[in-house]
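Data block below; observations after.
The values are calculated or read from the model by the stated rules, or taken from the named source; none is laboratory data. Quick caveat: nothing in here was measured; it's all calculated off a predicted structure. All Cβ positions, glycine included, derive from the backbone under ideal geometry; neighbour counts span all protein chains shown. Surface areas here come from the heavy atoms of the whole protein model, side chains and all, with no ligands, DNA or RNA. Shrake-Rupley method; radii C 1.70, N 1.55, O 1.52, S 1.80 Å.
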Amino acid sequence: MSENEPRIVGFLCNWCGYAGADLAGTSRLSYPTNIRIIRVMCSGRVEPAFILNAFENGADGVLVAGCHPGDCHYRSGNQHAEKRIEKTKKVLDLLGIGSDRLRLEWISAAEGEKFASVIKDFTEKLRGKGPSPLRKGVEAATVQHNAIESIHDILKRTKALYCQECGKCSSSCPITRLDPSYSPRLAVEKALLGLEDAVLTDKGLWSCLTCYLCRQRCPLDIEYDELIRTCRAKSVVKGITGNCAHEGVLLSLSRLMAREETIQNRLYWVPQEVEIAKTGEVLYFVGCLPYFNVVFDDIGVENIEIAQSMLRVLNAAGIKPVLLENERCCGHDLSFSGDLGSFEKLAKMNLTAIKKSGVSKVVTTCPECYRTLKLDYAEYFGKPKFEVLHASEFLTDLIAYGKIKFNGRIDKKVSYQDPCRLGRHMGVYDPPRKVITSIPGVELVEMERNREDALCCGVSAWMNCSRHSKQMQIERLTEAKGTTADLLVTACPKCQIHLNCTMSEKLPVKKEDVAIETCDLSVLVARAMNLTPNSVEMTKK
Amino acid sequence: MSEKPSVLVIGGGIAGIQASLDLGGRGFQVYLLEETPTIGGRMAQLDKTFPTMDCSICILAPKMMECYRHPNIKLLTYCELKEIKGSVGNFQVKILQKPRYVNETKCTGCGACAEHCPIEVPNEFDMGLGMRKAIYMPMPQAVPRCMTVDKENCIDCKLCIKMCRAGAVDFQQEPRDIDLNVSAIIIATGFNQYDPSEILEYGYKRHRNILTALEFERWVCASGPVGGHLVRPADGGIPKKIAFIQCVGSRGLKFGTPFCSSVCCMYATKEALIIREHAPEVQVYIFYNELRAFGKGFQEFVNRARDEWGVKYVRSRPGEIREDPNTRSLTIWYDDTLTREIKSLSDVDLVVLCPALIPRESNKKLAEIIGIELDDCGFFKVTHPLLAPVDSTIQGIYVCGYCQSPKDIPDSVTQASAAAARAAETLALAQIQRVGGS
């Protein structure tokens, strides 16, 4: 097959699609040889991550074939597949790959001819479209970052050599309480004993939430989060990776954004009445919200509302924010899941784009972007010329300067979830509280564990969403309910996603003990300013 | 200048007292400066001492009285050091004596004034746990035995003047300047307690059933705020479970101090024994990091506490203490590092935090006045840590007690005698020069 021929990856269901392909073969029907077939038990098994992975590795098209509606051998697997493919198509559009490179077909075991004609048609269409933009960079993308720092150097840099083995970290760790096989102390001790393999192959390395609670409490100020982050990078070099939530689709997205060839189409959500600019003073770094909005459309969170609210609030305060047309993931999740190579690429591209826009302030609504832009970019590439502010800080300033007028009232009891990255990582505790309490009618009630002691939402860097995460989320939601608050405000889109995900699931506790309305800080502000229209109009560009 | 050579001792704790007695006994004139109304210092606050379980004030009070009665020792209590000039053999010292508003020679310390004083404020001597009046004596064994009016809290009702049969209360008193000329100086300013409230996970000052070690000393002391009854601070209930937490703020790089306070393991053991003596049914836990029982008879003392008195030692620095809002009982989360198990100890009635003991903040001001150096931690520097352990960085000025380095009572007393001996050399030289010159 020549280089320019389209390459198709086909995920065929065992009972229908694959049997159809089989029939095509035994019937000696000819069809293009551009497809590579992977047999799955059900089309419902095909995760969006599988499809993105195929594109990451240079596929020009992906075909998913399952049983006709009503014929699924597992009753509803194909319906599930339909929803997922719908979602994945949207993601492909966002990524600029194009939804027409993905096809879902219902092919029964008796439809050999249909199979052949689908392949023929799909191949033709792809020939017409030309190769996938991502085909070029496959080789370069697979070059691994050489995490050369030795374990001893890591221990020295993170101050782990001072460890007194006092156990303060392990008795603070929310994960260790649920799963004693992992503990920050054990990780450090193993490393101190020089058991490099034991450290790098330890499953526990991937259980850590890097929630910073142990570091917060460690009397020796050992930088566990950094220790874990760098050890993960070393572990990845060894070919070990952790368990990713949603089969790693979100990390896949980040990796795809790290490819120079990727030209996204990510501003579809900007409301028509909102004014944005190409250059100016203030840049709003949206983060992965447009993607989250698609991926998590089924857990009752409208993620993009966060970004839309932020834009409306900024406009109302007289600011025309700059948005980057091809903004990339900040790289936080890749940096914390051991893919330092892609992280560095993302950082470089974002820094170049921000520099080009000439802004002096970058505002984020996501604490992970905030940490990464402010701390990690500076660490890797030197102090940037722009100032990085979390929305809560920027809004506090705007309120203080009288730029924000609350026309509305929110007569609610509100509790606040401190995001780990915003609170313990960056020490921003007061600004979100100031914003909340400045809204007329709002009464802030604190959870038992707040500020430095706050409990993490249970998942970080899209790794290890486990039963322990669920347990932590239930615990946290119960605590929030215990404050008698009507509304739980978060300043991190991910906290909101994780907590809502738990609420949308079957739980071992009563629904009413955990169900609480959640809301992002910027959405709350927009509501209090009467800026949110009842129906959010999505204008597709 | 026909008087005998004199020395100024700064700090009226056990080290200052010992140094004063040593030098007074050698025939030198001693001025013992103390900023509070009474000498005695930290040792006077303790209930008992380790490893002998002596009643602390019982062995200290005779020494305090000896100082008071000593013909060669002049007590300068309730005084502030203002200025030091000059050099070895000839230091000019300016001291400000704050007015007590009570005539020291007339006051008998009967306490009738305090009985009628309408103002109550937290007593510093009881670590703020008990109350005192605006006219007060910090403790029953105060030396000098004289009342003091706390003008900041006094409402000028003058009831005390009416009640005093000795006519000792005198609101006309003014601050008095005292100028001294001394040949040598000994510094013995002792320690302060690190405030553990910045270690948020332990909830000190948020949870009512948490005390610091010094607070606990007063709490269980018979002359303390609750008369030595072992009760829960929150509600006066009878405790069943008490836990001590070591190294709160000490041996850290983030909060508190990097050094080991050197006495906590032992005083916690002592306090545990006090509890078991008071109420044998109470379970006592000591959460330690490394058990530093390094002195004579110390390990035996710990062994006895463990084996004979059933004190439970757990090797761990607990991660957090949480309070049950209804019962105010506490739950301690810890990693039993010897068995690697994450556990929680619930229904704890009282947690005693053993905070880092830190050199006094006022050492900085003192060092500035005198011109001597402090080390990074705020202790007074000595010219050689091994071979000149009491010589400050200025000739003729000596340091002893906790203000030089962490140490316990016997070591403080030893060092005080050492400092006195070194000062005596200087003083003797001054005497020879005077005799020769006159």
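Listing for the model above:
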{"read-out": "Pair list, Cβ < 6 Å and 6+ apart or interchain, from region A:435-458 residues that are more than 11 Å from chain B (Cβ to nearest Cβ) to residues that are part of a helix (DSSP H, G or I) and surrounded by fewer than 16 Cβ atoms within 10 Å (Cβ to Cβ)", "value": "A:L444/A:T437"}
{"read-out": "Close pairs from region B:144-169: first over 13 Å from B:V102 (Cβ atoms), partner exposed (fewer than 13 other Cβ atoms within 10 Å of the Cβ), Cβ under 8 Å, at least 6 apart", "value": "B:I155/B:P118; B:C157/B:P118; B:L159/B:P118"}
{"read-out": "Boolean, A:E56 is at pLDDT below 95 and of a type in the set (D, E, K, R)", "value": "yes"}
{"read-out": "Unmet criterion (only one of (1) under 22 Å from A:C208 (Cα atoms); (2) open to solvent by 10 Å² or more (accessible area, probe 1.4 Å); (3) of a type in the set (S, T, N, Q)) for A:T483", "value": "(1)"}
{"read-out": "In region A:380-393, the residues that are farther than 25 Å from A:W462 by Cα and in contact (Cβ under 8 Å) with a residue 40 or more places away in the chain", "value": "A:F386"}
{"read-out": "Any hit, region A:33-41, residues being in a helix (DSSP H, G or I) and not acidic (D, E)", "value": "no"}
{"read-out": "Pair list, Cβ under 6 Å, 6 or more apart: region A:156-185 residue free of Cβ contacts under 8 Å to residues at least 40 places away in the same chain and more than 7 Å from every other protein chain (Cβ to nearest Cβ), other residue among the basic types (K, R) and open to solvent by less than 50 Å² (accessible area, probe 1.4 Å)", "value": "none"}
{"read-out": "Residue count, region B:316-343 (criterion: farther than 26 Å from A:Y212 by Cβ and hydrophobic (A, V, I, L, M, F, W, C))", "value": "1"}
{"read-out": "Selection count, region B:324-340, where residues are open to solvent by 30 Å² or more (accessible area, probe 1.4 Å), within 11 Å of another protein chain (Cβ to nearest Cβ) and either touching a residue at least 24 places away in the same chain (Cβ under 8 Å) or not acidic (D, E) (or both)", "value": "5"}
{"read-out": "Matching residues in region B:197-249 - criterion: being open to solvent by 40 Å² or more (accessible area, probe 1.4 Å), assigned to a loop (DSSP other than H, G, I, E, B) and within 14 Å of another protein chain (Cβ to nearest Cβ)", "value": "B:R206"}
{"read-out": "Test: residue in region A:241-260 that is open to solvent by 30 Å² or more (accessible area, probe 1.4 Å), under 26 Å from A:A454 (Cα atoms) and assigned to a loop (DSSP other than H, G, I, E, B)", "value": "yes"}
{"read-out": "Qualifying residue in region A:67-74 (condition: open to solvent by less than 60 Å² (accessible area, probe 1.4 Å), under 18 Å from A:I8 (Cα atoms) and at pLDDT 95 or above)", "value": "no"}
{"read-out": "Hits in region A:459-469 (condition: away from every other protein chain (no Cβ under 14 Å) and either crowded, with 19+ Cβ neighbours inside 10 Å or farther than 15 Å from A:R177 by Cβ (or both))", "value": "A:V459, A:S460, A:A461, A:W462, A:M463, A:N464, A:C465, A:S469"}
{"read-out": "Among (1) open to solvent by 10 Å² or more (accessible area, probe 1.4 Å); (2) closer than 20 Å to B:Y334 by Cβ - the single one A:G204 does not satisfy", "value": "(1)"}
{"read-out": "B:V382 vs. criteria at pLDDT 95 or above and open to solvent by less than 10 Å² (accessible area, probe 1.4 Å)", "value": "no"}
{"read-out": "Listing of helices (runs of 4 or more DSSP H) fully contained in region A:425-541 that carry 2 or more residues being under 20 Å from the mean Cα position of the chain (by Cα)", "value": "A:467-482, A:493-503, A:521-528"}
{"read-out": "Only listed residue being among the acidic types (D, E), open to solvent by 20 Å² or more (accessible area, probe 1.4 Å) and more than 19 Å from the chain's Cα centre (by Cα), chosen from B:E361, B:E320, B:E368", "value": "B:E368"}
{"read-out": "When residues of region B:298-323 are limited to those that are part of a loop (DSSP other than H, G, I, E, B), small (G, A, S) and more than 26 Å from A:G482 (Cα to Cα), the one farthest from the other protein chains (Cβ to nearest Cβ)", "value": "B:G310"}
{"read-out": "Scope region A:45-71; condition touching a Ser or Thr at 6+ places or on another chain (Cβ under 8 Å), part of a loop (DSSP other than H, G, I, E, B) and farther than 28 Å from A:S254 by Cα; matching residues", "value": "A:C67, A:H68, A:D71"}
{"read-out": "Every pair of residues 6+ apart whose Cβ atoms lie under 9 Å, when the first sits in region B:418-430 and is at pLDDT 95 or above while the second is assigned to a helix (DSSP H, G or I) and among the acidic types (D, E)", "value": "B:A419/B:D22; B:A420/B:D22; B:A421/B:D22; B:A423/B:D22; B:A424/B:D22"}
{"read-out": "Among (1) more than 16 Å from the chain's Cα centre (by Cα); (2) surrounded by fewer than 24 Cβ atoms within 10 Å (Cβ to Cβ); (3) not aliphatic (A, V, I, L, M), the one test that B:S56 misses", "value": "(1)"}
{"read-out": "Scan of region A:455-513 for residues that are among the small types (G, A, S), within 21 Å of A:G287 (Cβ to Cβ) and modelled with pLDDT of 95 or more, ordered by number", "value": "A:A491"}
{"read-out": "Condition check for A:A140: more than 14 Å from chain B (Cβ to nearest Cβ), closer than 21 Å to A:L251 by Cα and either open to solvent by 20 Å² or more (accessible area, probe 1.4 Å) or touching a Pro at 6+ places or on another chain (Cβ under 6 Å) (or both)", "value": "yes"}
{"read-out": "Cross-chain or 6+ apart pairs with Cβ under 7 Å, region A:464-477 first and more than 17 Å from A:T490 (Cα to Cα), then in a loop (DSSP other than H, G, I, E, B) and open to solvent by 20 Å² or more (accessible area, probe 1.4 Å)", "value": "A:N464/A:S207; A:N464/A:N243; A:H468/A:D179"}
{"read-out": "Residue list for region B:16-53, filter: open to solvent by 10 Å² or more (accessible area, probe 1.4 Å) and among the small types (G, A, S)", "value": "B:G25, B:G27, B:G41"}
{"read-out": "Whichever residue in region A:76-133 is within 20 Å of A:R36 (Cβ to Cβ), acidic (D, E) and open to solvent by 70 Å² or more (accessible area, probe 1.4 Å) and, among such residues, is nearest to the chain's Cα centre (by Cα)", "value": "A:D100"}
